[in-house]
Amino acid sequence: MRGLVNDGIADSPRLLTYLRLVVRNFPAAPKSLYSELEYGDMRQGSAAGKANPSSLHLLGAGIASMIAGYLLLIQNEPCQQIADSISAASEVYNVASVKYLEHINHWATSSTQSSACSFEPGTTEDISIALRILGQTKTPFAVKGGGHTSNPGFSSTPGVQISMTKFSEVSYDCAGQTVTVGAGLVWDNVYAALEPYGVNVVGGRVSGVGVAGFTLGGGYSWLTNQYGLTIDTVQAFEVVLPNSTVVNVTETSSPDVFFALKGGLNNFGIVTKFTLKVFPQAQVWGGFIVYTADVIDQVNQATANFAANNSDPKAAIITAYNYVLGRLTISEIIFYDAPSPPDGLFDEFLSISSFAKVISTRSFLSFVSSIPVNGTYGTRVVFNTISVTSWSLSLIESIVNETVYWGKKLVPESAVLISYDVAPFLPTFLSHNTSPSAYPPSRAKGFLPLEIYYAWESPSSDKVFQDTARTSASTLKAQTIASGQPDVANAPLYPNYAIFDTPLADLYGANLARLQTIKAAVDPKNIMGLAGGFKL
């Protein structure tokens with residue numbers, strides 16, 4: 001009988017790594033231990049990274065019963081069944097494993113759960129086996145690609161955590177002008193692999209975002225004005241269906257499932273590969289500018305002017321209003337898909353006095369990697385959103401007011417960052433593909449998603465921040481409607497920004513009934529209902 005893997009943490013460096021991860025992922029662990037494990041006992045003069053042995057002993061004793069309990073729980077249960085049934089290409093890891101902790105770990109600690117075990121498949125056949133066992137035993141599970149979700153339970157579980165790490169293929173087809181990419185990758189991996197060929201894909205705008213969740217939720221990109229959403233560029237999905245069969249889904253082979261996977265998230269099976277269109281990619285121009293609050297009116301006007309007047313599909317911006325360290329700042333990300341922009345295009349932004357400015361000609365990968373987005377890694381996070389039809393100056397000013405109001409109010413609740421991100425797109429961005437998709441439910445008008453993004457430290461404040469994200473979205477939606485955008489009342493919300501309890505009708509509108517019909521046909525036993533997410 002094949003056992004669950006304990007990948008050897010007894011030696012000191014691996015033990016230290018393991019204990020650090022335990023403390024981070026199990027909030028009950030004392031913070032004093034976290035401090036010593038991360039930085040060493042500086043008062044004793046120990047080297048950085050060296051933990052006080054007494055701390056290791058205390059922490060080891062404190063978690064021993066927890067680990068023992070978990071190990072007892074999973075004996076002869078689904079984890080063991082999967083381990084006994086899969087090939088040598090895959091592994092199941094128990095809670096005493098560093099790999100297990102890597103697999104359950106997420107970008108946001110609020111999205112991490114303690115699982116019974118982690119399963120790292122190496123083949124689609126082994127995913128089929130595991131999915132059959134999970135369905136038969138009705139065991140909760142989750143599928144993690146990049147682990148960048150902000151919604152608790154969407155790619156984490158108390159049951160079996162499936163990590164797609166081994167699905168890391170990037171296969172470029174020069175003749176077909178497509179690339180096939182594995183579901184375990186982040187977009188940085190894909191950009192790096194394609195860079196030598198002078199081509200690119202419509203993918204994530206910042207570093208560390210997973211391919212799978214981003215694509216299955218829609219996908220707004222720096223290249224969206226030119227080529228559409230990421231789902232508009234998908235040519236095929238390799239999927240392990242809930243009945244455990246492995247299929248290649250295209251618009252021709254299975255039009256209903258192809259439609260459903262384009263924005264329908266994880267409701268229709270476990271996607272293992274995506275085949276995407278590629279496009280020519282030369283060097284780009286861009287970077288970021290940091291402004292302070294004294295120039296806020298100029299930045300607001302520049303953002304509103306760009307949103308209203310830009311007609312160049314190669315140009316894009318994100319204006320992020322941030323309340324951090326007790327003050328308002330603005331992060332301006334500027335992008336142009338060529339080595340230099342036309343004269344005057346970004347002059348309004350470039351002429352404003354700034355605290356920092358890093359703009360240059362570089363590769364697309366270098367541009368994405370340069371954007372400073374990892375300051376909230378390891379914090380607790382919530383996203384929420386509204387959809388608007390335009391970025392008027394009055395709306396932008398309302399967004400600034402929300403940023404400052406909630407920034408000040410949430411400081412006592414351990415707030416790290418209160419951010420509202422404005423991203424204009426051309427009115428034509430949905431015109432690049434006429435094939436229907438689950439999201440957006442209509443292509444008659446391109447709605448623009450506002451990202452509401454809060455980060456904080458204390459688990460006891462989770463409800464406060466989640467409730468505030470809902471309240472703020474509701475306030476801004478009402479103000480937007482009142483200011484002359486009546487279509488916002490029933491505008492579809494972007495699934496990748498929507499908070500976890502958003503009604504399905506708010507995401508899929510008139511498409512909801514069709515999606516539920518497809519779901520019933522593909523998954524009559526509701527196997528995928530055992531996984532978290534927006535459930536049909």
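The values are calculated or read from the model by the stated rules, or taken from the named source; none is laboratory data. All of these numbers come straight from a predicted model, not from anything done at the bench. As a convention, Cβ positions derive from the backbone with ideal geometry for all residues, glycine included, and neighbour counts pool all protein chains shown. Only protein heavy atoms, including side chains, enter the accessible area calculation; ligands, DNA and RNA are left aside. Shrake-Rupley method; radii C 1.70, N 1.55, O 1.52, S 1.80 Å.
The table below lists the values:
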read-out	value
Among residues of region 344-365, those that are open to solvent by 50 Å² or more (accessible area, probe 1.4 Å) and in a helix (DSSP H, G or I), counted	3
Residues of region 225-248 satisfying the condition of being in contact with a strand residue (DSSP E or B) (Cβ under 8 Å, 6 or more places away or on another chain) and assigned to a helix (DSSP H, G or I)	ASN225, GLN226, TYR227, THR230, THR233
Subset of region 249-262 [charged (D, E, K, R), part of a loop (DSSP other than H, G, I, E, B) and open to solvent by 10 Å² or more (accessible area, probe 1.4 Å)]	GLU251
Of residues in region 364-406 being within 28 Å of ALA338 (Cβ to Cβ) and polar (S, T, N, Q), the one modelled with the lowest pLDDT	ASN374
Hits in region 295-313 (condition: more than 13 Å from PHE346 (Cα to Cα) and among the charged types (D, E, K, R))	ASP297
Which numbered condition VAL368 misses (of (1) crowded, with 23+ Cβ neighbours inside 10 Å; (2) out of contact with any Asp or Glu (no Cβ under 9 Å at 6 or more places or on another chain); (3) within 16 Å of ILE333 (Cα to Cα))	(2)
Within region 135-153, considering residues that are farther than 11 Å from GLY532 by Cα and in contact with a helix residue (DSSP H, G or I) (Cβ under 6 Å, 6 or more places away or on another chain), the one surrounded by the fewest Cβ atoms within 10 Å (Cβ to Cβ)	THR137
Condition broken by LEU265, with the remaining ones in (1) touching a Gly at 6+ places or on another chain (Cβ under 6 Å); (2) open to solvent by 30 Å² or more (accessible area, probe 1.4 Å); (3) of a type outside the set (Phe, Trp, Tyr) satisfied	(2)
Residues of region 267-282 classified as more than 18 Å from ASP173 (Cβ to Cβ) and touching a helix residue (DSSP H, G or I) at 6+ places or on another chain (Cβ under 8 Å), total	5
Residues satisfying the stated conditions in region 498-511, i.e. open to solvent by less than 30 Å² (accessible area, probe 1.4 Å) and either hydrophobic (A, V, I, L, M, F, W, C) or in a loop (DSSP other than H, G, I, E, B) (or both)	ALA498, ILE499, THR502, LEU507
Boolean, LEU241 is within 20 Å of LEU515 (Cα to Cα), in contact (Cβ under 8 Å) with a residue 12 or more places away in the chain, open to solvent by 20 Å² or more (accessible area, probe 1.4 Å) and of a type in the set (A, V, I, L, M, F, W, C)	yes
Residue within region 173-189 that is open to solvent by 10 Å² or more (accessible area, probe 1.4 Å), of a type in the set (Phe, Trp, Tyr) and out of contact with any strand residue (DSSP E or B) (no Cβ under 7 Å at 6 or more places or on another chain) present	no
Qualifying positions in region 160-177 - in contact with a Pro (Cβ under 8 Å, 6 or more places away or on another chain) and free of Cβ contacts under 8 Å to residues at least 60 places away in the same chain	none
Hey, SER156 surrounded by fewer than 24 Cβ atoms within 10 Å (Cβ to Cβ), among the polar types (S, T, N, Q), assigned to a loop (DSSP other than H, G, I, E, B) and out of contact with any Asp or Glu (no Cβ under 8 Å at 6 or more places or on another chain) or not	no
Residues that are open to solvent by 10 Å² or more (accessible area, probe 1.4 Å) and within 19 Å of the chain's Cα centre (by Cα), drawn from region 211-231	ALA212, GLY213, PHE214, LEU216
Tally of residues being hydroxyl-bearing (Ser, Thr, Tyr), assigned to a loop (DSSP other than H, G, I, E, B) and either within 17 Å of THR385 (Cβ to Cβ) or open to solvent by less than 40 Å² (accessible area, probe 1.4 Å) (or both) across region 438-454	1
Residue match in region 328-335 (condition: farther than 30 Å from ASP462 by Cα, modelled with pLDDT of 95 or more and either open to solvent by less than 60 Å² (accessible area, probe 1.4 Å) or of a type in the set (A, V, I, L, M) (or both))	yes
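A quick yes/no check of all residues on (1) among the aromatic types (Phe, Trp, Tyr); (2) within 20 Å of ARG205 (Cβ to Cβ); (3) open to solvent by 40 Å² or more (accessible area, probe 1.4 Å); (4) without any contact (Cβ under 8 Å) to a residue 24 or more places away in the chain:
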position: ASN384; (1), (2), (3), (4): no, yes, no, no
position: SER392; (1), (2), (3), (4): no, no, no, no
position: GLU397; (1), (2), (3), (4): no, no, yes, no
position: VAL400; (1), (2), (3), (4): no, no, no, no
position: TYR405; (1), (2), (3), (4): yes, no, yes, yes
position: LYS408; (1), (2), (3), (4): no, no, yes, no
position: VAL411; (1), (2), (3), (4): no, no, yes, no
position: VAL422; (1), (2), (3), (4): no, yes, no, no
position: PHE429; (1), (2), (3), (4): yes, yes, no, no
